[in-house]
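Below is one structure; the comments refer to it alone.
The values are calculated or read from the model by the stated rules, or taken from the named source; none is laboratory data. Note that the structure is a prediction, hence the values are computed from the model and not measured. Glycine gets a Cβ as well: all are built from the backbone with ideal geometry, and neighbour counts include every protein chain shown.
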Amino acid sequence: MPTHTANPLVNAGAISTVKPEWRQRLEEYLKEVSGEMARRKATALILGCTHFQYFERDFAEVLPTLAARNGIIGPSGALACRLLDAFDEYLEEYPVRPITTESRSYFAFSGEPPPEETFKSLGLDQIVVAKHL
């Protein structure tokens with residue numbers, strides 16, 4: 001049983017992450033780019049934007065030799081590490097200030113926090129609500 005299908009956007013049994021309305025455009029683009037890369041005997045494909053990793057499986061399907069050689073390189077992992085390093089540097093210069101001097105559990109919410117009754121139902125009786133940190 002073959003591992004590849006005729007559709008370059010379905011690879012090794014995994015369905016592509018590409019939305020159906022973009023598949024034809026991406027297929028055409030990948031065929032064009034992969035043909036040019038093969039003609040030039042490219043040894044690596046650097047996914048220059050973090051969103052290109054969304055298509056990594058699709059690139060691997062049409063460029064199997066590069067994929068087998070780990071020649072498809074994405075910046076997302078390195079970018080994440082750099083952001084963590086930058087955050088550590090920021091924390092050294094601007095340390096986090098505790099809300100209180102007592103040891104407690106803290107929760108953060110991107111929207112409105114739940115009502116205090118929710119916390120109390122979990123056995124959390126002493127609630128400190130910080131409006132601005």
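Of note:
- Single condition residue 20 does not satisfy, out of (1) modelled with pLDDT under 85; (2) touching a strand residue (DSSP E or B) at 6+ places or on another chain (Cβ under 9 Å); (3) not hydrophobic (A, V, I, L, M, F, W, C): (2)
- Residue in the range 87-96 that is modelled with pLDDT of 80 or more, of a type in the set (Phe, Trp, Tyr) and not in a loop (DSSP other than H, G, I, E, B) present: yes
- Of all residues in the range 23-53 being closer than 17 Å to residue 69 by Cα and modelled with pLDDT of 85 or more, the one that is surrounded by the most Cβ atoms within 10 Å (Cβ to Cβ): 45
- Taken together, 61, 56 contain a single residue that is more than 16 Å from the chain's Cα centre (by Cα), modelled with pLDDT of 80 or more and closer than 20 Å to residue 25 by Cβ, which is 61.
- Restricting the first member to the range 37-64 and to residues that are in a loop (DSSP other than H, G, I, E, B), and the second to residues that are of a type in the set (Val, Ile, Thr), the beta-carbon pairs closer than 8 Å and six or more apart or on different chains are 44/72; 44/73; 47/72; 47/73; 63/72.
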